[in-house]
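K.L.:
This is the structure I want to talk about, given as structure tokens.
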Amino acid sequence: MGALNSVGLWTIIGLLGVAVPIIIHLLYRKHRRQTDWAAMELLRKALVTRSGQVKIEDLLILVLRCLVLALLALALMRITLDSKSVIGEERIGMVVAIDASYSMNHGEQSRFESAVTKARDIFKTAKEGDPVSIVLMSSRPEILLRTARYDPVQVEAIFDAIDPAVEEGAEGAGPNSLNLETNIELLDELVAELKTPGKEVFLITDSQEMDWAELPPAARNSLENLQENANVFVIPAVTEGEDNLAIESLNYTWGSLRKSGEARFTALVRNTGRSSDESAILEFFIDDARTKRVAVGSLAAGESRPIEFTTQFDKAGNVRLRAELSKDGLADDNVRHAVAQIRPGIRVLLLEGDIENVVGNRSGGYYAKVALSPQDSDEEEGVVVNEIDPADFALEKLKDYDVVVMNNVLTVSPSTAKRLKRFVSEGGGLIVFAGDRVEASAYNQSLGAAGEGILPAELGEVSSSEAEEGWTMEAAKSDHLLARLTARYPEKLLDAIRITKQIEATPTENSEVLITSQSGNPVLLSRSTGSGTVLLFTTSASKRWNNLPREPLYAILLQQAVTMLTSDPDRLQLTVGNDASLPLTKREAGEFVDLLSPDTKEPEEIRVIQNGDQLAAPVSLTKRGIYEIKAEEGKPGVAIAANVNASESNVRVVESAALGNTLDSTGVQVLNREGSTSKAIEDARRGSELSQRLLLAALIVFILQSILARRFTNRINREGTKDLSTTLQMSQVAAARRS
């Protein structure tokens, strides 16, 4: 509750007004002359009962007349209904939060510039010395000013530094997305630091559909909690236009990621605006050299189109890839980066567990070698397979290999399991094929949850198909490369593949099912451990349990599996706004490595840390682009690509009226008035004035007391009496009531 006029002054005036009827009543009683008359003593006793009733009626009229004057005084005070902000000479603490997600960069005059302008206008309503905070909201919120005494010069300097319209080189909004719930929790924390009677929070945002159209329950609860502690205002900062094209992804599709190999990459372009687009151009770059330029074509609102390009690699090492769209209203999502680790060749260690190896009944290792190393493959730049007996595994140096394949190996000792886990954690790949010699319980004990915990599933009994032709195979719903390849494989050819036996497998918590059989049991599962990956086939690598080895898909899956295990470009893509750990090998914890970040010429020294079983370099991804640690003196380097969160590319906004309906239940107000933001804030601060209601109430009470006074007086006049003294007394009462 607040008042727009002086509380003290009008309280005094109101009390004086209420006192007037009482004073008149007392003065009337004081000047009354009393004359004793013996003859009237008997009549006095008769009038006691009637006099008591008159006093009650007089008291009721007196109360009503005092209430009229009190209501009149309250109306002149201009009482307002506003429980959190006491207007007048009281202090108000303010928290101003500006949406700094990259969608705010949309437009020739960006939404972020409009937001800063509105923030400047908000501070016109602040008083010097009152506590204020300024926050840039994003997935990495930044507090520019925290609970400081308001200084206009200081605040203007802060806004000048972030406003591209004022400061040349100011970046505006960052490349981050917006996490609404996290930011509201931060604002609630800042509100708690305000030690003022009035508290206000201003959220200046472009009100994107993805964030504000339907508030998630957690975000709604956070807003309601914030509203309980302060007056919360949402101020839309939207400029003209809602058109935008974005590159949502740049993924490795298929091919060889080896020296002299050829691979295909796919860029997914989406129209995230409200109208169609026909003029966009997409360009592909390899190590900053343009390799392809293609027209995107017509894209309707919401439509996406994959655009592929194929490239050949003539050298080994980390190769930088980039897809870039022509200029539009939002530049942040027009570029997508990727890194491909191109190897001079791939060395595979094959542990052959099949015993029989005769014509007509070849081992699984034979089919695996044929699939991985065709006769015309290059021995130096291709895949080289070294087949050994599982008993000789301890003699091999795993650092000499990129991938280990276990085919129908009887059991795995604890020492072998430890070596395999370390190999995978440091970036190696492991492929496990089931078979009739595999002891499921031993695998679960050594490689499963009870052991080293790298197996993608808990193995069970061998399951056989009741139908003579066996089960068909299909891709699971997954974005994994091998699942996508299977999903694109011709349906007729896929239906020709039959599985007669497989080991039942229950996926572990951190695994992913890539291919399933008609029985519903997984055929292929994947699990990441450290910097490496484990693939598990629940059927055999030979033709004993299936006809897969004679089908083209078998070679495709194995070749792509080995390529993915040694160089998975999709795993090397991270999101801006997060912290990452770049996996390192042949380093020591505590040593320093040089990190090259995007748009920086001088490297930054980063200390190597122990991250679980893996050595890593902690990196904060604040910019989009390539982060790289160079190789040196036999120590391999590493590179990753940081891209913006594609969901933030949706530049469609919620209209102010719809936004108000969405927030109505939370108590949050939407200030969507055109013109001065400060004027809208001042009007909102006044709350709901009660002056008119109080004046109406005063008028009703005044009329009521008049009616009662007349009614009581008329009743006295109607009650005729033959006694002169009684008549005179009742006349005086009636006159007093009329006064």
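K.L.:
Condition first: in a helix (DSSP H, G or I), in contact (Cβ under 8 Å) with a residue 60 or more places away in the chain and more than 22 Å from V644 (Cα to Cα). Can you find one or more residues in segment 106-114 that meet it?
P.N.:
Scanning segment 106-114, I find at least one residue that is in a helix (DSSP H, G or I), in contact (Cβ under 8 Å) with a residue 60 or more places away in the chain and more than 22 Å from V644 (Cα to Cα), so the answer is yes.
K.L.:
Inside segment 90-126, can you point out the residues that are farther than 21 Å from S177 by Cα and hydroxyl-bearing (S, T, Y)?
P.N.:
T117, T125
Conditions (1) under 24 Å from E142 (Cα atoms); (2) of a type in the set (G, A, S); (3) touching a helix residue (DSSP H, G or I) at 6+ places or on another chain (Cβ under 9 Å), marked per residue:
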| residue | (1), (2), (3) |
| --- | --- |
| D579 | yes, no, no |
| V593 | no, no, no |
| D599 | yes, no, no |
| P603 | no, no, no |
| G612 | no, yes, yes |
| I626 | yes, no, no |
| E632 | no, no, no |
| N661 | no, no, no |
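K.L.:
What single numbered condition from (1) without any contact (Cβ under 8 Å) to a residue 40 or more places away in the chain; (2) surrounded by fewer than 18 Cβ atoms within 10 Å (Cβ to Cβ) fails to hold for Y443?
P.N.:
If we test Y443 against (1) without any contact (Cβ under 8 Å) to a residue 40 or more places away in the chain; (2) surrounded by fewer than 18 Cβ atoms within 10 Å (Cβ to Cβ), just (2) comes out false.
K.L.:
Name the single residue that is nearest to M94 (Cα to Cα) among those in segment 151-182 being free of Cβ contacts under 8 Å to residues at least 40 places away in the same chain and part of a loop (DSSP other than H, G, I, E, B).
P.N.:
D151
K.L.:
OK, next. Which ones in segment 405-429 are surrounded by fewer than 24 Cβ atoms within 10 Å (Cβ to Cβ) and within 41 Å of the chain's Cα centre (by Cα)?
P.N.:
A417, K418, R419, K421, R422, F423, S425, E426, G427
K.L.:
Would segment 516-525 turn up any residue that is buried (at least 18 other Cβ atoms within 10 Å of the Cβ), farther than 18 Å from G460 by Cα, modelled with pLDDT of 90 or more and under 38 Å from the mean Cα position of the chain (by Cα)?
P.N.:
Looking for residues that are buried (at least 18 other Cβ atoms within 10 Å of the Cβ), farther than 18 Å from G460 by Cα, modelled with pLDDT of 90 or more and under 38 Å from the mean Cα position of the chain (by Cα), one finds none in segment 516-525, hence no.
K.L.:
Continuing with the same structure: Where residues in segment 538-577 are within 22 Å of A457 (Cβ to Cβ) and among the charged types (D, E, K, R), which of them is surrounded by the fewest Cβ atoms within 10 Å (Cβ to Cβ)?
P.N.:
Among residues in segment 538-577 that are within 22 Å of A457 (Cβ to Cβ) and among the charged types (D, E, K, R), the one surrounded by the fewest Cβ atoms within 10 Å (Cβ to Cβ) is R571.
K.L.:
Now, a different point. Any idea how many residues of segment 311-339 are in contact with a His (Cβ under 6 Å, 6 or more places away or on another chain) and more than 20 Å from T266 (Cα to Cα)?
P.N.:
2
K.L.:
Which one of these is of a type in the set (D, E), exposed (fewer than 14 other Cβ atoms within 10 Å of the Cβ) and in contact with a Lys or Arg (Cβ under 9 Å, 6 or more places away or on another chain): E193, E209?
P.N.:
Answer to the selection: E193.
K.L.:
Moving on to the next point. Restricting to segment 120-143, name every residue that is outside any helix (DSSP H, G or I), buried (at least 16 other Cβ atoms within 10 Å of the Cβ) and touching a helix residue (DSSP H, G or I) at 6+ places or on another chain (Cβ under 9 Å).
P.N.:
Answer for segment 120-143, where residues must be outside any helix (DSSP H, G or I), buried (at least 16 other Cβ atoms within 10 Å of the Cβ) and touching a helix residue (DSSP H, G or I) at 6+ places or on another chain (Cβ under 9 Å): A126, V132, S133, I134, V135, L136, M137, S138, S139, P141.
K.L.:
Looking at (1) under 35 Å from the mean Cα position of the chain (by Cα); (2) of a type in the set (V, I, T); (3) in the same structural domain as E469 (by TED's automatic domain parsing); (4) modelled with pLDDT under 95, find the lone condition where I606 falls short.
P.N.:
(3)
K.L.:
In this structure, is N361 touching a Lys or Arg at 6+ places or on another chain (Cβ under 9 Å), in the same structural domain as I431 (by TED's automatic domain parsing), modelled with pLDDT under 95 and surrounded by fewer than 18 Cβ atoms within 10 Å (Cβ to Cβ)?
P.N.:
It is true that N361 is touching a Lys or Arg at 6+ places or on another chain (Cβ under 9 Å), in the same structural domain as I431 (by TED's automatic domain parsing), modelled with pLDDT under 95 and surrounded by fewer than 18 Cβ atoms within 10 Å (Cβ to Cβ).
K.L.:
Can I ask one more? Run down D568, D599 and say which single residue is under 27 Å from G345 (Cα atoms) and modelled with pLDDT under 90.
P.N.:
Exactly one of D568, D599 is under 27 Å from G345 (Cα atoms) and modelled with pLDDT under 90, namely D568.
K.L.:
Considering each residue of segment 601-627, count those that are over 20 Å from N251 (Cβ atoms) and either acidic (D, E) or part of a loop (DSSP other than H, G, I, E, B) (or both), and give that number.
P.N.:
Number satisfying all stated conditions: 10.
K.L.:
Between a first residue in segment 458-485 that is within 17 Å of D436 (Cα to Cα) and a second residue that is among the aromatic types (F, W, Y) and outside any strand (DSSP E or B), which pairs have beta carbons less than 7 Å apart while being 6 or more apart in sequence or on different chains?
P.N.:
L459/Y443
K.L.:
List the number of the failed condition for D332; all other conditions in (1) more than 28 Å from the chain's Cα centre (by Cα); (2) surrounded by 18 or more Cβ atoms within 10 Å (Cβ to Cβ); (3) in a loop (DSSP other than H, G, I, E, B) hold.
P.N.:
(1)
K.L.:
Could you say whether any residue in segment 251-259 is modelled with pLDDT of 95 or more, crowded, with 18+ Cβ neighbours inside 10 Å and either outside the structural domain of L485 (by TED's automatic domain parsing) or within 28 Å of I629 (Cβ to Cβ) (or both)?
P.N.:
no
K.L.:
Is it fair to say A589 is outside any loop (DSSP other than H, G, I, E, B) and either among the hydrophobic types (A, V, I, L, M, F, W, C) or in contact (Cβ under 8 Å) with a residue 60 or more places away in the chain (or both)?
P.N.:
no
K.L.:
In addition: Considering L136, L145, which residue is modelled with pLDDT of 95 or more and more than 19 Å from the chain's Cα centre (by Cα)?
P.N.:
Of L136, L145, the one residue that is modelled with pLDDT of 95 or more and more than 19 Å from the chain's Cα centre (by Cα) is L145.
K.L.:
In the set D288, D328, which member is on the phi > 0 side of the Ramachandran plot and not small (G, A, S)?
P.N.:
Of the residues listed, the single one that is on the phi > 0 side of the Ramachandran plot and not small (G, A, S) is D288.
K.L.:
Residue check, E491 against (1) under 40 Å from the mean Cα position of the chain (by Cα); (2) surrounded by 15 or more Cβ atoms within 10 Å (Cβ to Cβ); (3) modelled with pLDDT under 95; (4) under 18 Å from L553 (Cα atoms), all met but one. Which one?
P.N.:
Of (1) under 40 Å from the mean Cα position of the chain (by Cα); (2) surrounded by 15 or more Cβ atoms within 10 Å (Cβ to Cβ); (3) modelled with pLDDT under 95; (4) under 18 Å from L553 (Cα atoms), only one is false for E491: (2).
K.L.:
If you don't mind, another one. When the residues of segment 564-577 are narrowed to those that are assigned to a helix (DSSP H, G or I) and in contact with a helix residue (DSSP H, G or I) (Cβ under 9 Å, 6 or more places away or on another chain), which ends up farthest from A639 (Cα to Cα)?
P.N.:
This residue is M564.
The values are calculated or read from the model by the stated rules, or taken from the named source; none is laboratory data. Bear in mind that the values here come from a model prediction, so they are computed numbers and not experimental data. Using ideal geometry, Cβ is built from the backbone for each residue, glycine included, and neighbour counts are taken over all protein chains shown.
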